[in-house]
1. Looking at residue A:122, is it in contact (Cβ under 8 Å) with a residue 60 or more places away in the chain and of a type in the set (A, V, I, L, M, F, W, C)?
2. Out of the residues in the range B:226-255 that are outside any helix (DSSP H, G or I) and in contact with a strand residue (DSSP E or B) (Cβ under 8 Å, 6 or more places away or on another chain), which is nearest to residue B:195 (Cα to Cα)?
3. Name the single residue, out of those in the range A:100-133 being within 14 Å of chain B (Cβ to nearest Cβ) and part of a loop (DSSP other than H, G, I, E, B), that is farthest from the chain's Cα centre (by Cα).
4. Scan (1) on the phi < 0 side of the Ramachandran plot; (2) modelled with pLDDT of 95 or more for the single condition residue A:6 breaks and write down its number.
5. From the residues in the range B:95-117 that are part of a loop (DSSP other than H, G, I, E, B) and not charged (D, E, K, R), which one is modelled with the lowest pLDDT?
6. If residue A:58 satisfies every condition in (1) surrounded by fewer than 18 Cβ atoms within 10 Å (Cβ to Cβ); (2) touching a residue at least 12 places away in the same chain (Cβ under 8 Å); (3) aliphatic (A, V, I, L, M) but one, which is the exception?
7. With respect to residue B:225, determine if the residue is surrounded by 19 or more Cβ atoms within 10 Å (Cβ to Cβ) and more than 13 Å from chain A (Cβ to nearest Cβ).
8. Taking the range A:61-89 as the search range and keeping residues that are on the phi < 0 side of the Ramachandran plot and in a loop (DSSP other than H, G, I, E, B), which one is surrounded by the most Cβ atoms within 10 Å (Cβ to Cβ)?
Amino acid sequence: MITIIDYGAGNLRSVANAVTRLGYQPKITSSVNELLDAQAVILPGVGAAADTMESLRALGLADPIRQVIAEGRPFFGVCIGLQVLFTGTEEGGGHECLGILPGRVKRLPPGLKIPHMGWNQVKQRLSHPIFDGIPDDANFYFVHSYYVEPEDKSLIAADTDYGMPICSAVIKGNLIATQFHPEKSGESGLRMYDNFIKLAGDRVR
Amino acid sequence: MLTKRIIPCLDVKDGRVVKGTSFTRLRDAGDPVELASFYYKEGADELVFLDISATPEGRDTMVDVVERISGEVSMPLTVGGGLRSPSDMRRMLRAGADKVTINTAAVLQPRLIQESADKFGSQCIVIAIDAKRIEDSQKPCWEVYTHSGQQPTGIDALAWARQSVTLGAGELLLTSIDADGHRAGYDIELTRAISEAVTVPVIASGGAGALEDLYQALVTGKADAVLAASIFHYGSHSIHETKEYLMKKGLPIRI
């Protein structure tokens, strides 16, 4: 079963629609027990990291998320779902995040149009099954004002040029997270979710 | 490099598309879901749906339309028309819209921009500005109009654009009332003035008649995206042809 964490994120339905279109029946939940039972997890996200952290904490989901990731279950974070994995964010005057990956979330520098909004190329830096069938430099849809700076550069699976190179995907074992929105990125995005679900293997069918 | 977006706009009334129904290739060109799928396959970068229903029933239908479109296509969707409150916006966002666009309601009550940006994030708040050139002014100057371009407000478009962004708009959808419907090109001077005045992306709208017009809005007008209705709906140019044209002229375009 693919479990999508429901903490009120605006793009929850789009993510669920994308998974459904691939032929799976996602479970949408905010229950701690259901999350702990999940075989593969998607953490959607759009908006502000501070609000997301607050919602996750209020629902008691922060520790269960740490647990499923620590156990190596396939986990996909999208946009804010990527950012909250890190130590902390500059957003909203500075907030602590989940601290699963060391690094900071920073605001895009002045001089650029903010948000970074639209389709941009994703340059693959690691070879990984999540990219199967997706050409290097394929376009994905972005919308964000903050970006992640992982301390461990070897986690950077892809980057994207927006006046400066931005880390657009991280991979650590079965933990995958992207700054772009696969659910809004046409066929390449669907393919990426399909690759993710295949990583989880037969368990999710 | 961030690509320039090409955005078809569809007007929906009581759940039916009221422009762009001349597609002979489609089974039911009045069906917004079918048109959305068509544009998705053609390579549109985003879709804008404007609800022009005048009744509460029409608006309820729009929620259902957005749900069905979001179930069919994996691309960004912006929805507007008649949204007055955060709860109106929440319905559309929960139905699967990525962004909502507001115009009259924001001018009447600028605090609404801040309130909705705080609730949903700036990235999904698009402020639509309908602007008309003031003829007898010394330097180029545009006035904001509301109520579908019918009501002058006395507000300067540049000042309103800046204020909208300060209040939390994540994007501006800029329509020139003078150019709209004439198919003789965007108001490039207006587009450029607004694009240079704000730090958020600007979508140029109103006046597209030829592919060169789109190019000019993106290059001379410095817009981040172009929106068009009739040139796509009435089949004078396909999305694919448009994108090839712009790419050949050296613009970053997603094909």
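1. Working: in contact (Cβ under 8 Å) with a residue 60 or more places away in the chain: no; of a type in the set (A, V, I, L, M, F, W, C): yes.
Criteria not met by residue A:122.
2. First, pick out the residues of the range B:226-255 that are outside any helix (DSSP H, G or I): B:226-229, B:234-238, B:249-255.
Then keep just the ones that are in contact with a strand residue (DSSP E or B) (Cβ under 8 Å, 6 or more places away or on another chain); that gives B:226-229, B:253-254.
Details: B:226: 12, B:227: 15, B:228: 18, B:229: 21, B:253: 19, B:254: 22 Å.
Only one residue fits best here, namely B:226.
3. A:111
4. (2)
5. Narrowing the range B:95-117 to residues part of a loop (DSSP other than H, G, I, E, B): B:96-98, B:103, B:109-110.
Now narrow it down to the ones that are not charged (D, E, K, R): B:96-97, B:103, B:109-110.
Numbers: B:96: 91, B:97: 94, B:103: 95, B:109: 97, B:110: 97.
Among residues in the range B:95-117 that are part of a loop (DSSP other than H, G, I, E, B) and not charged (D, E, K, R), the one modelled with the lowest pLDDT is B:96.
6. Result: residue A:58 passes all but (2).
7. No.
8. A:84
The values are calculated or read from the model by the stated rules, or taken from the named source; none is laboratory data. Values in this document were obtained by computation on a predicted structure and should not be read as measured data. Positions of Cβ are backbone-derived with ideal geometry, glycine not excepted, and every protein chain shown enters the neighbour counts.
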